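The values are calculated or read from the model by the stated rules, or taken from the named source; none is laboratory data. These numbers were taken from a predicted model, which means no experiment stands behind them. Note: ideal-geometry Cβ built from the backbone for every residue, glycine included; neighbour counts use all protein chains shown.
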Amino acid sequence: MHIWQLQEAKAKLTALVNESKQGPQIISRHGEYEAVVISMEKYRELTGQNENIVSFLRNSPLYGLALNIKRDKSSMRDVDL
């Protein structure tokens, strides 16, 4: 992780973006941390945008668990409408 002064970050934007692929990059202004630049891959991972429903279900702790599910075959009850 590298700490960039705001002026340096503006002057070397391409390098900043390239370095963000290696890990978070901090931007400081007047000695105070102001922002963090992360890669798009890391952003999607953090926001959950990288995963579709199939991947989500396959990553579930219940994936592969053999469930014995049986349908209730009893008749429906009568309902007055």
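Here are the numbers for the structure shown:
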{"item": "Helices (runs of 4 or more DSSP H) lying entirely in the chain (those with 2 or more residues that are of a type in the set (Ser, Thr, Tyr))", "result": "13-20, 40-47"}
{"item": "Residue satisfying all of: in the range 32-42; modelled with pLDDT under 95 and surrounded by fewer than 13 Cβ atoms within 10 Å (Cβ to Cβ); nearest to the chain's Cα centre (by Cα) among these", "result": "Glu41"}
{"item": "Cβ pairs under 8 Å, 6+ apart, first in the range 52-81 and free of Cβ contacts under 8 Å to residues at least 24 places away in the same chain, second among the aromatic types (Phe, Trp, Tyr) and outside any loop (DSSP other than H, G, I, E, B)", "result": "none"}
{"item": "Subset of the range 16-31 (residues that are surrounded by 14 or more Cβ atoms within 10 Å (Cβ to Cβ) and touching a helix residue (DSSP H, G or I) at 6+ places or on another chain (Cβ under 9 Å))", "result": "Leu16, Ser20, Gln25, Ile27, Ser28"}
{"item": "Where a residue in the range 1-24 is within 18 Å of Tyr43 (Cβ to Cβ) and in contact (Cβ under 8 Å) with a residue 12 or more places away in the chain and its partner, wherever it lies, is of a type in the set (Gly, Ala, Ser) and in a helix (DSSP H, G or I), with Cβ under 6 Å and at least six apart", "result": "Leu16/Ala9"}
